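The values are calculated or read from the model by the stated rules, or taken from the named source; none is laboratory data. All figures in this text were calculated on a predicted structure; none of them were measured in a lab. Reconstructed Cβ throughout: ideal geometry from the backbone, glycine too, with neighbour counts over all protein chains shown. When the accessible area is computed, the model is the full protein with side chains, heavy atoms only, and any ligands, DNA or RNA have been set aside. Shrake-Rupley method; radii C 1.70, N 1.55, O 1.52, S 1.80 Å.
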Amino acid sequence: MARGKSIWHLKKQAGGYATLTLDVPGQAQNTLGRAVLDQFEAFLEEIEKNPPKALFVRSGKESGFMAGADIEELGSSDADSLKALIDQGHKALNRLEALPCPTVAVIHGVCLGGGLEVALACDHRVADHSARFGFPEVQLGLHPGLGGTERLPRVVEPATALQLMLTGKTIDARKAKKLGLVRDAVPDRHLLAAARAAAETGKQKRKRGLLDELKYTLEFSSPGKRFIANRARKETAKHFSEKHYPAPYALIDLFEQETGSDDALEAEAQSFVKLSQTETAKNLIGLFLRREALKREARRSKGHDISHVHIIGAGTMGADIAMWTAMNGFTVTLQDIDRSVIAKAIGRAHKWMDGKPDHSDDVRDPEDRLIADPKGDGVRSADLIIEAGPEKAEIKQKIYDGLKDKLKSRAIIATNTSSIRLETLAEGLPGPNAGRFVGLHFFNPVTKMPLVEIVSGEKTTKETQARALAFIEAIAKLPLPVKSAPGFLVNRILTPYLLQAVKLIDEGCSPEEVDAAAEDFGMQQGPVEVADTVGLDICLEVGRVLARDLDHVADPPAQLIEKVEAGDLGKKTGKGFYTWSDGKPQKAENEAGPKTLEKLQERLLAPLYEEVRRVLDEGIVASEDHLDLGAVFGSGFAPFRGGPCTALRQKKAAPSSPPETPAKPEEPAKADMSEEPKEA
Ligand code: NAD
């Protein structure tokens, strides 16, 4: 047996059964790393020598079975040590699969990546209803590396298996049962009985019905797999270029090849190691680790001490913030001067909540937790008030005026303003309330955008900021601390980029060329399309605010003003820089060649990089890491580049890189991205 702290625990049970429990010391979740594998092998040896009647493999953690590979270890391993680790993992899982006794993975909570690969090497899998399964590797620029690409298509239909691995999506226990990934999905109290029943069936895998077997055989044949692979390649190409995201393409290649041999596992290992050394994987892993670190920072505070949230303004933003907050376990009262707006918001929220799993421990239904409150009675018992009224300082100040005598002593007042300085809004607030005043800048659409800027004004206390961070983390959003300054972080760096796009059109470029240049860089949507989607009036307004408040920012370009004056506001009016039909911009073919696109990229990004530098100099965010996270998760900056600071560093380090610093924009610009930024 390996020495050191016990990670696995082998317990013999009555009737000749044994349970091998994984419980990695000092971690909230089990992850799979070198030490886990070393000890696993030692126990396998013991089990091989003296096999039980059946072996149950489970987790000792409340959080679940296993979260996947140890990403920190993975990110810091060089190619050779990673290959050695994967070879070791393959051998260990082959040995688990080859044990003479039946093996059953007994699963609760998260069962992802490497965890799912361990479960797939068992003869049977049973799960309780809390279990969630998935292969998220593709989101880190990788694919499964411990036999998952081999074993999953044998257990579930090949096309579905490929789809699961390509999307990185998580499925719940019921869906897993439907797909045949688990034998049983049962309430927690029946889990052990289900595990025993599975063990009693012996080593033989569950048989499919005749029709399912036929479908499986067709899909698993060489022509079947080729057909599925070709379709998947075409679908993938619509969303990700192979140049920027090689992992899905490598995964499809593996899927298509002959399976069922050591050669296939070797091909998986080699492909995994190759991907792990790409800049894309390194950047995506870096982002993941920095994101986790930010979440840990938010959790480190004494907590938020918030259970009731009162939201004022049930428009576009307030309605969705209310819905999201209730869904995540908080009691929410929703106020608006217009009752019909509240009714509409609640109706929409119910529709959205139906069918979504409720992740809170609260026994009340999320629909019950969201309460219409036209008179604002909820203010008196609220621990947090979020104001999402119109973007006019005098309206917001009037709303705060009405709160003064009703607030609980520790209640936080938050604003969702996207452009008004907190100091201006806080003017009328008496002393202690000003200390508990903070910006919670959610992005649109709230359900999809992961980032929330936590804006501290001059008077915001550290305690308020810490409670706000902890609250936003508790509702499953990424809380980014920023200083109160025009545009905060996200709008400040993106507006100049959006307006530069319009300026290029002013100079004679076509919108299609400008968008193609940005997309070629890796942005998910070109800036012209984004501006049209956000609304050209909003871009203009924010552009003007930044130009007014920041000396170096120029006035918005002529074409933008002309479009707004003509009432061509973009998607919402059916016409902006593009004509919109069925919610899509009608784009002509881009005719610019690679050289032109490269030049356009330089010019497009120069103002963004310039603003990045200024934001760091002004201390608006605490670090480059925070800035990168804000840009990727708040605005859709190309994730595989790791954020603008990482991209700049890598550009400087690249051997053929021309100048050390990006060109200064001749005329920096402005625009509001926060009103509806792209998804990261
Ligand atoms: P909206 O116009 O859709 O909603 C504002 C709501 O406030 C309306 O329903 C209105 O009836 C209500 N209201 C007005 N006066 C009120 C009062 N005295 N008391 C209670 N309710 C009142 O606006 P929105 O787009 O949801 O924006 C709200 C805030 O969020 C603004 O500060 C905006 O800058 C910010 N924001 C908006 C977006 C976006 O994309 N819409 C994105 C980020 C931030």
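Could you list, in sequence order, the residues of segment 70-104 that are open to solvent by 10 Å² or more (accessible area, probe 1.4 Å) and over 31 Å from the mean Cα position of the chain (by Cα)?
Correct list: LYS91, ASN94, ARG95, GLU97, ALA98, PRO100, PRO102.
Conditions first: (1) open to solvent by less than 30 Å² (accessible area, probe 1.4 Å); (2) more than 24 Å from the chain's Cα centre (by Cα); (3) modelled with pLDDT under 85. PRO677 passes all but one, so which condition is the exception?
Of (1) open to solvent by less than 30 Å² (accessible area, probe 1.4 Å); (2) more than 24 Å from the chain's Cα centre (by Cα); (3) modelled with pLDDT under 85, only one is false for PRO677: (2).
Could you check how many residues of segment 166-189 are in a helix (DSSP H, G or I) and either touching a residue at least 24 places away in the same chain (Cβ under 8 Å) or in contact with a Leu (Cβ under 9 Å, 6 or more places away or on another chain) (or both)?
Filtering segment 166-189 for residues in a helix (DSSP H, G or I) gives 166-167, 173-179, 188-189.
When the remaining residues are screened for being either touching a residue at least 24 places away in the same chain (Cβ under 8 Å) or in contact with a Leu (Cβ under 9 Å, 6 or more places away or on another chain) (or both), the result is 166-167, 173-177, 179, 188.
Residues that pass the stated criteria total 9.
Go through segment 308-333 and give me each residue that's within 15 Å of the ligand (Cβ to nearest atom) and part of a loop (DSSP other than H, G, I, E, B).
GLY313, ALA314, GLY315
Would you pick out the residues in segment 403-420 that are assigned to a loop (DSSP other than H, G, I, E, B) and closer than 13 Å to ALA434 by Cα?
Hits for segment 403-420 are LEU403, LEU407, SER409, ARG410, ALA411.
Residues of segment 588-618 being assigned to a loop (DSSP other than H, G, I, E, B) and over 29 Å from the mean Cα position of the chain (by Cα), which ones?
Applying the first criterion (assigned to a loop (DSSP other than H, G, I, E, B)) to segment 588-618 yields 588-593, 618.
Listed by number, the residues that qualify are ALA588, GLU589, ASN590, GLU591, ALA592, GLY593.
How about segment 488-513: which of its residues are open to solvent by 10 Å² or more (accessible area, probe 1.4 Å) and assigned to a loop (DSSP other than H, G, I, E, B)?
Once the filter is applied, which keeps residues that are open to solvent by 10 Å² or more (accessible area, probe 1.4 Å) and assigned to a loop (DSSP other than H, G, I, E, B), segment 488-513 yields GLU507, GLY508, CYS509, SER510.
Within segment 119-163, work out how many residues are within 21 Å of LYS205 (Cβ to Cβ), touching a helix residue (DSSP H, G or I) at 6+ places or on another chain (Cβ under 9 Å) and either part of a helix (DSSP H, G or I) or not assigned by TED's automatic domain parsing to the domain that holds LEU265 (or both).
Count: 14.
Name the single residue that is farthest from GLN524 (Cα to Cα) among those in segment 627-674 being modelled with pLDDT under 50 and within 16 Å of the ligand (Cβ to nearest atom).
LYS670
Hey, any hits in segment 421-428 for a residue that's assigned to a strand (DSSP E or B), surrounded by 20 or more Cβ atoms within 10 Å (Cβ to Cβ) and out of contact with any Pro (no Cβ under 6 Å at 6 or more places or on another chain)?
The answer is no; no qualifying residue exists.
Only one of these is part of a helix (DSSP H, G or I), open to solvent by 40 Å² or more (accessible area, probe 1.4 Å) and more than 16 Å from the ligand (Cβ to nearest atom): LYS351, LYS302. Name it. Outline the logic, then answer.
On the way: LYS302 fails: part of a helix (DSSP H, G or I).
Exactly one residue qualifies, and that residue is LYS351.
Mind checking which residues of segment 514-533 are open to solvent by less than 10 Å² (accessible area, probe 1.4 Å) and within 16 Å of the ligand (Cβ to nearest atom)?
The answer is VAL530, ALA531, ASP532.
Would you kindly identify the strands (runs of 3 or more DSSP E) lying entirely within segment 46-108 that contain at least 2 residues that are of a type outside the set (A, V, I, L, M, F, W, C) and without any contact (Cβ under 8 Å) to a residue 24 or more places away in the chain?
On the way: elements: 54-59, 64-66, 103-107.
Passing ranges: none, list empty.
What number of residues in segment 378-422 are among the hydrophobic types (A, V, I, L, M, F, W, C), within 12 Å of the ligand (Cβ to nearest atom) and in contact with a His (Cβ under 7 Å, 6 or more places away or on another chain)?
Going through segment 378-422 one residue at a time, the tally reaches 2.
Checking the structure you have, find out if any residue of segment 255-273 is crowded, with 18+ Cβ neighbours inside 10 Å, of a type outside the set (Ser, Thr, Tyr) and closer than 29 Å to LEU451 by Cβ.
The answer is no, given that none of the residues of segment 255-273 is crowded, with 18+ Cβ neighbours inside 10 Å, of a type outside the set (Ser, Thr, Tyr) and closer than 29 Å to LEU451 by Cβ.
Go through GLU565, GLU598, GLU624 for me and flag whichever is surrounded by fewer than 18 Cβ atoms within 10 Å (Cβ to Cβ) and farther than 30 Å from ARG649 by Cα.
GLU565
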